[in-house]
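Report on the following structure.
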């Protein structure tokens, strides 16, 4: 396929490494995410792309809010713990019987602000968002949201996917 020829170029794109917080009927959840970017100054808005079967997307559709945690380059181990889906049955080869839902926030210091979504104490900075709209885009959904609040917790260098040697592309 000609589009596969673009894989090396897509692998070279830089992305930040973020933790997206959400809440829903099953409680709070967090996930590691790459595909987030600011798309407007006035008002301040971001676009976030989420897999169609992600628990976070289901939560965002239900509540229309989410949080973004900007992680530092010293948070690689914490980020790695958020890569596991909350429902391990999403991983090929795991069965429903041996796959309890994972509480990825267990033991992770956090608080919630106005949206009720988790803000991690280990984050460098954070912001909260209210959804303005969404668009299906292949196997993901693009969420456009307005930033409603935010703050800085500490100083440091923001973590990027290439710091981890990972790609989420191609």
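The values are calculated or read from the model by the stated rules, or taken from the named source; none is laboratory data. Bear in mind that the values here come from a model prediction, so they are computed numbers and not experimental data. For neighbour counting, all protein chains shown are included, and Cβ atoms are generated from backbone atoms with ideal geometry for every residue, glycine included.
Please work out if residue 67 is at pLDDT below 95, at negative phi and within 16 Å of the chain's Cα centre (by Cα).
no
Hey, among 64, 55, which residue is over 22 Å from residue 149 (Cβ atoms), surrounded by 15 or more Cβ atoms within 10 Å (Cβ to Cβ) and touching a strand residue (DSSP E or B) at 6+ places or on another chain (Cβ under 7 Å)? Can you show your working first?
Working: 64 fails: over 22 Å from residue 149 (Cβ atoms).
So the residue among 64, 55 that is over 22 Å from residue 149 (Cβ atoms), surrounded by 15 or more Cβ atoms within 10 Å (Cβ to Cβ) and touching a strand residue (DSSP E or B) at 6+ places or on another chain (Cβ under 7 Å) is 55.
Go through segment 9-30 residue by residue and tally those that are without any contact (Cβ under 8 Å) to a residue 60 or more places away in the chain, within 10 Å of the chain's Cα centre (by Cα) and either within 19 Å of residue 62 (Cα to Cα) or surrounded by fewer than 23 Cβ atoms within 10 Å (Cβ to Cβ) (or both).
Qualifying residue count, segment 9-30: 1.
Which one of these does residue 141 not meet: (1) under 18 Å from residue 47 (Cβ atoms); (2) more than 16 Å from the chain's Cα centre (by Cα)?
Looking at each condition in turn, residue 141 falls short on (2).
In segment 39-47, is there at least one residue being buried (at least 16 other Cβ atoms within 10 Å of the Cβ), touching a residue at least 40 places away in the same chain (Cβ under 8 Å) and under 15 Å from the mean Cα position of the chain (by Cα)?
Yes, the conditions are met somewhere in segment 39-47.
With the checklist (1) modelled with pLDDT of 90 or more; (2) touching a strand residue (DSSP E or B) at 6+ places or on another chain (Cβ under 8 Å) in hand, flag the one item residue 138 doesn't pass.
Evaluating residue 138 over (1) modelled with pLDDT of 90 or more; (2) touching a strand residue (DSSP E or B) at 6+ places or on another chain (Cβ under 8 Å) leaves (2) as the failure.
Determine which single condition residue 164 fails, assuming it passes every other condition in (1) at pLDDT below 90; (2) surrounded by fewer than 12 Cβ atoms within 10 Å (Cβ to Cβ).
(2)
For segment 82-92, indicate whether the set of residues that are under 27 Å from residue 135 (Cβ atoms) and modelled with pLDDT of 95 or more is non-empty.
No: segment 82-92 contains no residue that is under 27 Å from residue 135 (Cβ atoms) and modelled with pLDDT of 95 or more.
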